1. Which of A:116, A:26, A:228 moves the most in a Gaussian network model of chain A with Cα springs under 10 Å?
2. Please give the charge dipole size of the protein assembly as shown, origin at the Cα centre, charges +1 on K and R Cβ atoms and -1 on D and E Cβ atoms. Round to the nearest 20 debye.
3. Helix-only mean residue ellipticity at 222 nm, chain C, DSSP H runs n ≥ 4 weighted -39,500 (n - 2.57), per residue, nearest 500. What is it?
4. Just check the range C:378-418 against the gyration tensor rule for me: Cα atoms, a ≥ b ≥ c as the square roots of the eigenvalues, rounded for a/c under 1.5, and otherwise prolate or oblate depending on whether a/b exceeds b/c.
5. Under a cut-off of 14 Å between alpha-carbon atoms, report the aspartates and glutamates in cross-link reach of residue B:86, not counting same-chain residues fewer than 8 places apart.
6. Take residue A:127 and residue C:484, extend 7 Å from each Cα along the Cα→Cβ direction, and tell me the distance between the two endpoints in nm.
7. Return the long-range amide H neighbours of residue C:259 (sequence gap of 5 or more, or a different chain), with a cut-off of under 5 Å between placed amide H atoms.
8. Of the GluC sites (Glu not before Pro) in the range C:297-400, which ones lie in a loop per DSSP and count no more than 11 other C-beta atoms within 10 Å?
Amino acid sequence: MLRYVIRRLVVIPVMLVGISLLSFLAIHLAPGGPISVAADLNPKATAEYRERMVRYYGLDQPLHVQYGRWLVRMSTLDFGPSFAPDGRQVSDKIKERIPVTLTINVLSMGLIFLVAIPIGIYSAVRKDSWFDRISTVTVFTGFAVPTFWLALLLMILFGVKLGWLPISGLVSLEHDSLSLAGRFWDRARHLLLPVLLAGFGGLAGMSRYMRSNMLEVIRQDYIAAAKAKGLGERQVVLRHATRNALLPVITILGLSVPDLLGGAVIFETIFAIPGMGQLFYQGVMARDVPLVMGILVIGAFLTLIGNLLADVGYALADPRIRTG
Amino acid sequence: MAGASSNFGDFLRRLARNRLAVAGGAVVLFFFVLSAFPNVFSRHEPNRIDVLKILSPPSADHPLGTDELGRDVLARMVYGARISLKVGFVAVGIATAIGLLVGLIAGFYGGWVDAILMRFVDVMLCFPTFFLILAVIAFLEPSIYNIMVVIGLTGWMGVSRLVRAETLSLKERDFVAAARAQGAGDARIIFRHILPNALAPVLVAATLGVAGAILTESALSFLGIGVQPPTPSWGNILTAGKDNIEFAWWLSVYPGLAILFTVLGYNLLGEGIRDAVDPRLRGR
Amino acid sequence: MRRCLLHLAVFAAFAAAGSVILAGCAGEKKDGAGKGAAGEAGPPAYGDAIVYGSNGDISGFLTAVTSDSASHDAASYMFNGLVRYDKNLKLEGELAESWEISPDGKKITFHLRKGVAWHDNVPFTSGDVMFTYKKMIDPKTPTPYGESFRQVRRVTDPDPYTVIVEYDKPYAPALESWGMNILPRHLLEKYPDIKQSPLNKSSPVGTGPYRFVEWKPGEKIVFDANPGYFEGKPFISRVVTRVIPDQATLFLELKSGGIDTMTLTPLQYSKQTETGEFRNNFRKYRYLSFVYTYLGFRLDHPFFRDKRVRQAIAHSIDKKELIDGVLFGLGREVTGPYKPGHWVYNPDVRKYPHDPAKAKAFLAEAGWKPGADGTMEKDGRKFAFTVLTNAGNESRSKTAAIIQQQLAAVGIRMEIRTLEWAAFINEFVKKRKFDALILGWSTGPEPDQFDIWSSTKTGPDELNHVGFADAEVDRLLEEGRRTFDMEKRKKAYFRIQEILAEEQPYVFLYAPEALPVFHKRFRGIEPAPAGIGYNFIKWYVPGAEQKYTSFQ
């Protein structure tokens, strides 16, 4: 177990170096390099300002020194001030946006897990049944429907026509004057649609993966052996097959981090949620290089952490590794 | 694997038994025909503006209504199908080509070449793809070419992993050894013997990839950096429709459903192909 | 508030119009739907909140160092200038009680209001005005609005309630320029760059009718009424601006009650708000704003160097179709840089009615003949060019599409390229890398447009990006800004409009109407030439109709 985790941990620095190299290259390949964009955006950018930027990015240094600095800054999460008119530190901006995005992602991942696993199991057990077909079409519909369109349709239905849910935002205006339970309920109502949407889009991947794992496991000898022993189908499926089919699913959770982050751009924009996706989109549109680089690197970190957690989870759950 | 390509008839028969895959294939085919002969399906020009007919509901002359500039929605949908499918196919073509090359090289040569290429793939996979696409397109310019190229350049990693895995197992097979014994060079072995046998999973990945690229284009359109108007794409018709979603339902419902059905169609077809190629391949 | 941004708005539009144009000032007509209900409610009452919906977040609180309309709107609740425009667009005192202009027009003496306090209870004095002036001319202050303050020779404050400003030459926009928000010296003194100060970023302190409560970036900005405001405590207790980036979401929020007011698009105004339910809950307003859209030519471009070509294009464009198609009739044709109704607006300039035959004749005169495919040709070169405009502005891209079709009818091929705002301005406009462009200007009541039309203002960071140069216009621009005599000014600007109409450096297209909508519980909104925001502190919600009652 420990050996396995350590082996996984050893890969992390290699990946970090890779991420830093790739992002470093990206900055320097950006048209005009880092300062030209900043100076362009600000007509009042004086020579002095340019010089400050040159020094900040160390552009007067040889490349390897620049890279060394980038590495140091990256490891301290210091991405410098944003080029946006407010000129705030990129790390501060990300810090205030990241909790919302993570909350929604974790919740929708939980939702995916809860819904997709049973669907996957049942459609594998009843392969080619009507349930299998209908659930297949349904989960793929979730993947295939353009998120922003479905979001608007749901807003019209639940927000305008029925008036059950708020349209957008995180909390209502009178949030602060509510009781503790009231505040919780208020937040939950605001998060419901975004989480449902993010979850609906991710169902397909997870449930199909679960289904095919399950199919593979069912075909294994020990399942046949269990059946031969006279155990009921229900018991065989739940006790033996599911446990083994679930294992690889843990790893796919880690892999879905980048997709969920990418999807955040769309639903945070449509639901007016001040998260990292929206911030990234605004940064990109304003050619805010430090912000864009900061979020890309943080996004990569998050993926890395997601993968690591998945690996550890896998190791904890799989007896072969646990004892190995 | 070698059996799959030689028994093409078996493959088709297995595919035809899968009703969902057949339905998916039918949808895919339908939009293909539509985009191949746009002028057959629409009497109007897609960019013909008529200020007097802005946002008219469906009628005999305009079966799907008109848009916010009085242009015929059917014509824009049909020509938009062409653009949207083109984005899907070119992007996937690029992704597949790169993925194949990287996967074949990494799998065939192994060792440090493999290690470096696969670590590179791992690193690329760490960055949220949609973030990368957004960043590159906004910094360049949202032309249809840039969109296709960027979606392609950020979508090859999965293919390369698949191909590498296939290559690793294929290169140990007898027919490779036989070819080598006859004095075939690396390039010949890779492209004549390994590549054709590794194509099946690639076909599945590509089918799913087309669907993904069409969705990505619509998401980019929503953000204002997809295919630029007046060139029609399903994504930008839908985006124009969203601002009139309650008043002019026809402007969002048709492109929305077109995207939905097409993406669904490609997915069901892709799954079907995967099952039909080799039952063992499921779920990879 | 949303009141006039004074003359500063000229630049503001250029820098910020990428997202939204919202610089409405002058009011003309109120929509019939809203009439009547305004007066019959109960007496003015304190309380309730108004929730604005905005596409964009603010970038800071100090207008000296921000240039987007969202930030300027937010600042208008918290800060005051020495002067402001009243409902009829006449300058009146705000922090200044009164002023005198010397007979030679070179000296203005402001008498400041006594008993005004900053939100932290420190008294406001002439020291704050002196400080603001110094910051505006300080090269360390990254402000786009320094120009009019650099015209000043010196500023003195003989006592805490008097400020004397002297100019080398009479400068007509001078008085208006003192509408600039006055900054608190006691809080800003220690910051060399006020843009980096906490006052700009997190904790603004002003003298205005509302006090800052909180700013959650990307989410909302909140202000509470200032009970000690020198013109009396505003009735509405709280002002919230919610940031909602998507236009469709914004509209759904309005309908579901999540926001109380927004700016409608022409399409929403004319097609989506005509239901009985909407009329029962909201009141719409429309008035011509100080904004116009134009098609500008790079004047040293080989095609557009020839005046006859520009005039031919003017004749090929059907402005009526543009206004119908883009604005659903909610706008006016313009023939020059001033909107109809402005005191210097000249109605009798050369007009270019839609006339494709005439356009072809002009083109023929300039040497352009129809080629085999119908496209005009000259010396073997086809008449094909690219027009640039910014992405994310639906009116402009629609305008481009319609003009494309109109020009095709006379054999001119126009390609459209939409560019993201920052790239558009930096890579193309500033570097003069364009054939033609579709853009808009947001002007104001002050007619001085030296920055846009002077031949000395053609540098990369300056605003005469088409490269217009005309000796007579240069002279008239100077004349217009160097006298306070309204008649003389009017004459100068009338002539400028004649020349611009003749030369057509731009085809002046249309001025859109501002289309705000408010929930009907708000009373006291009275459209005037200055728009609707000028009397915000008098708006109220009758006690029985108040919606948000948890804060007072």
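All of the numbers you see were taken from the coordinates with simple rules; none came from a lab. Here the structure is a predicted model, which is why all the values come from computation and not from measurement. Cβ atoms come from the backbone with ideal geometry, glycine included; neighbour counts cover every protein chain shown.
1. Of the options given, A:228 has the highest mean-square fluctuation.
2. Working: 129 positive and 109 negative charges, 563 e Å.
With only Lys, Arg, Asp and Glu charged at Cβ, the dipole is about 2700 debye.
3. Numbers: 16 runs with 139 residues, N = 552.
After summing the helix terms and dividing by residue count, I get -7000 deg cm²/dmol.
4. Details: a/c = 5.56, a/b = 1.98, b/c = 2.81.
It comes out oblate by the Cα gyration axes.
5. B:217
6. It is 9.3 nm.
7. Close amide H contacts, sequence-distant or interchain: C:254.
8. On the way: sites: C:321, C:333, C:365, C:377, C:394; in loops: none.
Answer in residue order: no site qualifies.
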